[in-house]
1. Tell me, how many Å apart are the Cα centres for the range A:43-96 and for the range B:189-241?
2. May I ask which residue of chain A has the beta-carbon nearest to the axis carrying chain A onto chain B, and at what distance in whole Å?
3. Which FRET efficiency value, to the nearest 0.05, do you get for A:Lys97 and B:Arg50 by plugging their Cβ-Cβ distance into 1/(1 + (r/R0)^6) with R0 = 41 Å?
4. Between A:Arg212 and B:Asp309, what is the label-to-label distance in nm when each label sits 7 Å out along the Cα-to-Cβ direction?
5. Just to confirm the numbers: A:Pro62, label point 7 angstrom along the Cα-Cβ line, distances to the other copies in nm, shortest first?
6. Going by the alpha-carbon gyration tensor, a ≥ b ≥ c the square roots of its eigenvalues, is chain A rounded (a/c under 1.5) or, if a/c is not under 1.5, prolate (a/b greater than b/c) versus oblate?
7. Testing the spin-label approximation: label points 7 Å from Cα along Cα→Cβ at A:Thr109 and A:Val323. State their distance in nm.
8. Quick one: compute the contact order of the range A:4-148, relative version, from alpha carbon pairs under 8 angstrom and 6+ residues apart, as a percent.
Number of protein chains: 2
Amino acid sequence: MKLATYADGSRDGQLWIVSRDLRLAAPARDIAPTMRAALETWDDLAPALRALAEDLDGGRVPHAEPFDPARCMAPLPRASAWLDGSSFLHHGRLMEKAFNAPPIPDFGTVPVVYQGGSDDLRGPCEPMPFVSEEHQIDMEGEFGVIVGDVPMGTETEAALDHVRLLVQLNDWSLRKLAPYEMSRGFGWIQAKPSTSFAPVAITPDELGDAWRDGRIQLRLHVAINGREVGRAHGGASAFSFARLISHCAATRRLSAGTIIGTGTVSNDDPQAGSSCLSEVRVLEILRDGVPKTPFLSFGDRVRMEARTDDGSTPFGALDQEVVKA
Amino acid sequence: MKLATYADGSRDGQLWIVSRDLRLAAPARDIAPTMRAALETWDDLAPALRALAEDLDGGRVPHAEPFDPARCMAPLPRASAWLDGSSFLHHGRLMEKAFNAPPIPDFGTVPVVYQGGSDDLRGPCEPMPFVSEEHQIDMEGEFGVIVGDVPMGTETEAALDHVRLLVQLNDWSLRKLAPYEMSRGFGWIQAKPSTSFAPVAITPDELGDAWRDGRIQLRLHVAINGREVGRAHGGASAFSFARLISHCAATRRLSAGTIIGTGTVSNDDPQAGSSCLSEVRVLEILRDGVPKTPFLSFGDRVRMEARTDDGSTPFGALDQEVVKA
């Protein structure tokens with residue numbers, strides 16, 4: 001089943017169900033007013049949501065409307081928490097070079113995760129506002145999961161039981177500010193503005209075999225102003241979502257509506273390109289001595305969509321313009 | 001005006017107004033069901049809440065009940081964000097020694113702030129669960145503010161306009177895990193479990209002259225098992241809340257219900273003691289070569305209350321037992 005949140009002027013928006021082929025949508029308000037409400041009582045509400053999804057796919061919802069991603073907020077506009085890992089080691093190694101930073105201890109064996117803002121997540125077509133191009137505006141194409149309540153101390157083996165939905169996202173980053181904040185050890189406050197999400201969150205069964213080993217096994221196609229720069233595969237993550245969840249829940253409980261991200265999807269394969277510009281630039285430096293690709297400018301458009309082997313896009317597309325705040 | 005949230009089985013609890021002398025309480029449900037709801041439409045609802053508070057103080061609320069801190073959740077059990085600074089430089093300098101960590105760049109001139117979990121904030125009398133004593137369980141006595149919506153790029157000069165409520169809190173910390181996470185640059189996920197709050201959040205006018213220069217000018221009395229270990233003064237903060245708010249809002253907007261903390265209240269004056277055990281221990285090491293005060297054990301009780309010169313406690317008391325999860 002696929003779920004979206006339509007803007008209605010409220011902070012949490014309105015829950016809608018979207019058909020598998022992304023053509024139709026129907027309001028779920030008789031079942032749950034918001035995605036937040038659905039996640040908080042998921043076991044009670046999921047059967048009714050699923051029945052509506054099946055009716056929608058079967059053409060049996062008379063009041064269905066054409067699905068319109070432009071009406072979408074983030075599927076969960078205000079999450080309980082946003083915890084983002086860095087589980088593609090190729091990305092991390094390149095960032096060490098880009099930031100000229102010392103290696104992160106145990107980077108390949110123990111997840112690193114930061115906690116970002118979860119109160120202002122953005123929709124797939126919203127213009128994305130930034131204070132200044134001087135901050136070196138960058139994208140980070142990622143996958144994520146939304147969990148239900150996760151008890152403190154949940155082990156890796158039991159962690160995937162708590163996954164409710166899968167998401168695709170852009171963890172916007174300000175590269176000029178990132179190394180300084182990182183050097184201070186407290187994580188990022190200024191270098192990580194709001195994060196954006198593809199229009200639909202989906203239950204894991206939507207991906208069939210592409211949800212495997214606790215990883216989203218799809219290529220994430222990333223384009224700037226229509227030019228593809230990345231098509232990295234999500235299967236290359238060093239840490240499964242199971243490991244990331246148990247890492248985050250080691251000393252605290254996680255509450256329903258917590259989103260956990262993979263970090264920038266990144267592959268060792270040069271054919272895969274990059275899901276962020278910092279990677280593109282550091283590869284240029286390593287090859288040519290200087291970076292030639294600029295960071296993002298106001299007016300640039302960033303599009304991201306995961307694709308299956310048959311060309312479908314299970315999460316829909318993130319397609320946003322970078323604008324001045 | 002003083003506001004509290006009584007537990008009612010829901011995730012956000014029920015908003016109550018508490019009398020200035022902390023003797024009486026009355027439900028505010030006819031005005032706003034929850035603290036969250038009140039903060040999201042503060043300008044509309046505050047006058048009615050204030051009228052109820054005045055009636056309560058004047059003995060004109062027939063259905064008022066004796067105020068019971070044991071019924072309290074955190075005043076805002078699920079905040080939009082929890083952003084915690086380290087603005088008492090004396091604390092920071094001692095922590096460098098305690099963690100044997102390199103100095104934080106620009107520590108005295110640019111705030112450091114981490115983003116912690118805001119989805120599971122704890123009430124003043126709840127037993128506080130931890131996985132293991134081996135993690136070196138510590139307290140951190142702090143003050144904080146709850147803001148309304150803060151636009152991106154808000155300057156220091158305008159930041160205090162967004163302060164809605166003041167709070168007193170304990171930012172529980174696991175010292176064994178903190179230096180390792182800090183060395184990795186992503187902030188703390190495992191070293192910072194849930195944070196606890198004194199029973200009432202108060203409007204700034206409740207403090208009179210003790211709300212001055214964007215600081216809470218009160219002594220924070222901290223005791224373990226009835227023995228006072230700290231009485232540090234909140235006025236010594238190097239950064240005002242105005243500065244902390246504008247730091248946090250530099251590249252992102254903050255949403256109503258965001259809590260911003262001072263970090264551990266700490267004074268250079270030896271008579272002031274300490275608001276955390278890491279400070280106590282590092283001072284012992286500096287004096288005697290070895291620490292003699294242990295970290296917290298299961299069964300220990302931690303009590304924290306800010307006091308005015310006339311002995312009143314504007315926020316009530318945090319008084320929790322440390323327990324095994």
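1. Value for the Cα centre distance between the two parts: 40 Å.
2. Measuring from each Cβ to the axis, the minimum is at A:Gly187, 1.
3. The value I calculate is 0.15.
4. 7.3
5. 5.1
6. Judged from the Cα gyration tensor, chain A comes out prolate (a/c at least 1.5, a/b above b/c).
7. 4.9
8. 24
All of the numbers you see were taken from the coordinates with simple rules; none came from a lab. Please read these numbers as outputs of a predicted model, since none were measured by experiment. So basically every Cβ, Gly included, is an ideal-geometry build from the backbone, and we count neighbours across all protein chains shown.
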